[in-house]
Each structure stands twice: as structure tokens, then as C-alpha cells.
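The values are calculated or read from the model by the stated rules, or taken from the named source; none is laboratory data. Predicted, not measured: the structure shown is a model, and the values here were computed from it. Cβ placement follows ideal geometry from the backbone for every residue including glycine, while neighbour counts extend to all protein chains displayed.
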Amino acid sequence: MGALMTRTEVCELLGVSAKSLYLWERDGLIPAPQRDRRNWRVYSQDDLAAIRNFLGADSAAKPKRGAPNEKTRRKDRISARNQLSGTIVEMRKSGLMCEVVLRLGDGQEIAAVITSASAERLGLRKGRRATAVIKATEVMMMRLLLILILGVCALSTAGAETLRVFAASSLTDALTEIGNAFEERHPDLTVEFNFAGSQVLRTQIEQGAEADLFISADRTHAESLREQHLLEDVVVAARNALVVVIPARGFHASSLADLARPKSKVVIAGSSVPVGRYTTLVLQRIAESGLYGDDYRKRVEANVVSQESNVRAVLAKVVLGEADAGFVYRTDALTALDRVQVLEIPDSLNVAAEYWIGIVADAEAPERARAFLEFVVGPGGQAILDTFGFLR
């Protein structure tokens, strides 16, 4: 059978998105992957050959990413090829002009320049969903898709009801994709995400921030809001596990024991952050197992050089070479396999990190919030979470 490859490795090798693989598998165009002992989706060399064969087939028989549906084919509508939807990840204002960076569903980014006045009028801000209607020339440079504006570029979220979702930062990629899918089914609705550490989001809701749904990376913060009657009953939306990431180059570690070596630089999340509490629990379990000595937790914690406010910040420290190792969710590690190496934590010593979702008590759109919650925990949302490595 040969070596097995993860979905992320196949995507990197073939230059396709995880979403494309999922859609082709769903439609029976390529083989569905197996699951390994870690419950990761993996592909055999035969599977890889079949996918290569599919990609090399006549392009007319292949589904096209972003192909317009029947609605957008109508002549009285703007061509779907001129509409690019995504999440605003950055806004750079300079005098009269504003550069707006959108991250599309397949991970590519586009940059559009409009006037600062237009940005204010349209209510654009980081984290909001937006659609760019463009007439443009595409230039590929350093993996960033630049849109050189030749005509009018309008980014608009007007005319749609907004659903505000406060969610743990480790869900950023998967929930953005889920938001895209949900909006396709509800064209009159815009899903607006606020991604941050669960403890930060909880505090914002306690202080009156307007939100319709809350998704926490642990039950503690969700239950605290529920006990204050700020959140309705909660259910599990997804599960995760921890791994250790180390830089792709530089620090050499062959096992978890190396994290306790003197002068090793370890970064973790703070104790109020769910992944930070999970990290402490894992360290304690390893110490109690006696594998590396009963003082293992103490020696690793002595090497901690930074405690971050969310898991993405922990990953960034390792990617940038500012730390030798960091404890992150396995799904976050999968987003950076070209920049980090992964040390697995044995199942018997790991944790089952759970994500809890609930509707905020004073949600402005409770029915829409309920529909989004049911989509996330239903087959459609769970299939997307699967593609990003989350567990059920």
C-alpha cells in the first residue's frame, strides 16, 4: 500500500484545497479516505494515483471551483466570475483611500482599494463577510492574488440580515467555511464572526457585546454564561486533541521528553484559555505516568517563556522561531505543516477538547441563530469540520 498521507499533505502535494477534495469525494469522483488510529483522514498511494488521474482528466468533466450556479448565470445578474466573497482579514487606511484584504474560502487573499468614505459608508470592518464585485486583471505574486482595479470595485454587505457569531480562534478556518456554506443556503443573511480566545469572548458578552451565538473551546466559559442567564442550553459542536509543534528547522526534539531539557523555550496559552488548561492537564498526566519522571510538569513549566491569549498566538510564536515548542490543537498544527513539525501526544495522556455552542439569550436573530446552530451540528457542518481535522 505504501506510505499513507493526510488530507493536508495531499492538498499541498497536488495544489488543491481541502474543500475541493471533500466535494469530489462527496460526488464520488475520487476515492474517500480511510481513517487511521488517530481518526485522521488518510490516503493510500492508490488513492493518490486515482486523484492524480482525476486531475489529469479532461477539464470539461471536472467540477470547477467557484463555478456559477443557475441563478448567477442569468443575464440580468452580475457574472459569478466577477463576484468574490470572503472574510475581511485586514483594512489599511491611508488618507482618502483604504485597502481591504479579503480571505476567500480556498485560502487565497485578494486586496481591493476603495475610498475610505466608501468603507465607512458600507460599514466594512475586520471579521465581516463581504463580496467584491470587480472588473479586474489578476496577477499572481508571492501566493497573494492581487486584484488590480480597472473599474469600480464595490464591497458590500448591505441588504442582508447579520448573524453575529463569537467563536474560539481555533475554529477560524473551519467556521469561515461553514459560514460560506450557510450563506449559500440563506442568501439574505450575512454571518459575521468574532474570533478570539474563549475567555475574551465570554467577557465581551458579559459586558454587553452584541452576539447571537457563542462557541467556546471548553464547557467552562459556556456554562458560566448560561448560569448568568446570558446563554441558552449548550451542545457539543466538535472535538479536538492536543499536539506539540516545533519549528521545521532549528530545535531538534524526538520526543516529549525534550521539552523538559534545560534552556528549551516552550510557549503555552494562559491558564484562563481553554487550550492552556488542557495543556496543564496533559503535562500533569505525563508526569503522573512516570514516563519522563514525576517532576516532568515542573521542568517543562520552568521552560515556559510566554503564555498567550489564544492558540493561534502560540502557533505563531513557534512558526516565527520565537519558541522551541508549543502546545496547540491538532487542527491548528494541520494549518502549518510546511512550517512546523508535530510531536504526537499518546491518546492515553491526551485530552478530548470539546467545543460548546449556544444561542445568546438576547440574540437579535434567535431563529437564524438556531438555524446556524443546527447546521453546524448537522451533517453539513460536521462534514466541513471533518475536512479541517476536527473529531466528532
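At a glance:
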item	result
Only listed residue being without any contact (Cβ under 8 Å) to a residue 60 or more places away in the chain and not assigned by TED's automatic domain parsing to the domain that holds PHE372, chosen from TYR278, TYR296	TYR296
From SER272, SER264, residue being more than 28 Å from the chain's Cα centre (by Cα), part of a loop (DSSP other than H, G, I, E, B), surrounded by fewer than 22 Cβ atoms within 10 Å (Cβ to Cβ) and touching a residue at least 60 places away in the same chain (Cβ under 8 Å)	SER264
Conditions (1) more than 26 Å from PHE375 (Cβ to Cβ); (2) touching a Phe, Trp or Tyr at 6+ places or on another chain (Cβ under 7 Å); (3) at pLDDT below 95: number failed by ASN194	(1)
Single match in VAL305, VAL311, VAL328, VAL300 (criterion: crowded, with 21+ Cβ neighbours inside 10 Å and more than 17 Å from the chain's Cα centre (by Cα))	VAL300
Output for region 331-350, where each listed residue is of a type in the set (Ser, Thr, Tyr) and surrounded by 17 or more Cβ atoms within 10 Å (Cβ to Cβ)	THR331, THR335
Hits in region 219-245 - residues which are touching a strand residue (DSSP E or B) at 6+ places or on another chain (Cβ under 7 Å) and in a loop (DSSP other than H, G, I, E, B)	LEU230, GLU232, ASP233, VAL234, ALA241
Contacts under 8 angstrom Cβ, first residue in region 187-213 being farther than 12 Å from VAL165 by Cβ, partner modelled with pLDDT under 90 and acidic (Asp, Glu), 6 or more apart	ASP188/GLU161
Number of the exception - ASP212 against (1) among the acidic types (Asp, Glu); (2) in contact with a strand residue (DSSP E or B) (Cβ under 8 Å, 6 or more places away or on another chain); (3) surrounded by fewer than 23 Cβ atoms within 10 Å (Cβ to Cβ)	(3)
Residue that is nearest to SER271 (Cα to Cα), among those in region 198-218 that are of a type in the set (Val, Ile, Thr) and in a helix (DSSP H, G or I)	VAL200
Wholly within region 1-108, strands (runs of 3 or more DSSP E) carrying at least 3 residues that are closer than 22 Å to PHE388 by Cβ and at pLDDT below 75	none
